[in-house]
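Worksheet: one structure, shown below.
The values are calculated or read from the model by the stated rules, or taken from the named source; none is laboratory data. Just so you know, these numbers come straight off a predicted model, no measurement behind them. All Cβ positions, even for glycine, are placed from backbone atoms using ideal geometry, and neighbour counts span all protein chains on display. Accessible surface is based on the protein model in full, side chains and every heavy atom, while ligands, DNA and RNA are left aside. Shrake-Rupley method; radii C 1.70, N 1.55, O 1.52, S 1.80 Å.
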Amino acid sequence: MESWKERFKKEYYELRERFQKLDMMIDQYEKGQLEFEPKCPIDLLKGQRSTMWNYLKILEQRAKIEEIKL
């Protein structure tokens, strides 16, 4: 596989993992189960999650166009 495709896949999987962790953290926060109190507002974290989600969807579209199996 071409090196740029490998980097692309690595970026996608790293972003997906970070998105999942942030999503779990927000879920735990909303349920009152988070072991710490974030310093930044929850709305900011939700904005970050939304942006990450949109970026994941863009990468998935690009992978389809570029014929990269994720």
### Query
Can you tell me which residue in the range 20-31 is nearest to THR51 (Cα to Cα), limited to those that are open to solvent by less than 90 Å² (accessible area, probe 1.4 Å) and not hydrophobic (A, V, I, L, M, F, W, C)?
ASP23
## Note on the structure
Of (1) open to solvent by less than 80 Å² (accessible area, probe 1.4 Å); (2) not in a helix (DSSP H, G or I), MET1 satisfies every one except (1)
### Query
What about GLU17, is it over 19 Å from the mean Cα position of the chain (by Cα), closer than 30 Å to SER3 by Cβ and open to solvent by 60 Å² or more (accessible area, probe 1.4 Å)?
no
### Close pairs from the range 1-26: first closer than 26 Å to LEU45 by Cβ, partner open to solvent by 70 Å² or more (accessible area, probe 1.4 Å) and in a helix (DSSP H, G or I), Cβ under 9 Å, at least 6 apart
LEU15/TYR55; PHE19/TRP53; PHE19/TYR55; LEU22/GLN48; ASP23/TRP53
### Members of the range 32-58 that are basic (Lys, Arg) and surrounded by 11 or more Cβ atoms within 10 Å (Cβ to Cβ)
LYS46, ARG49
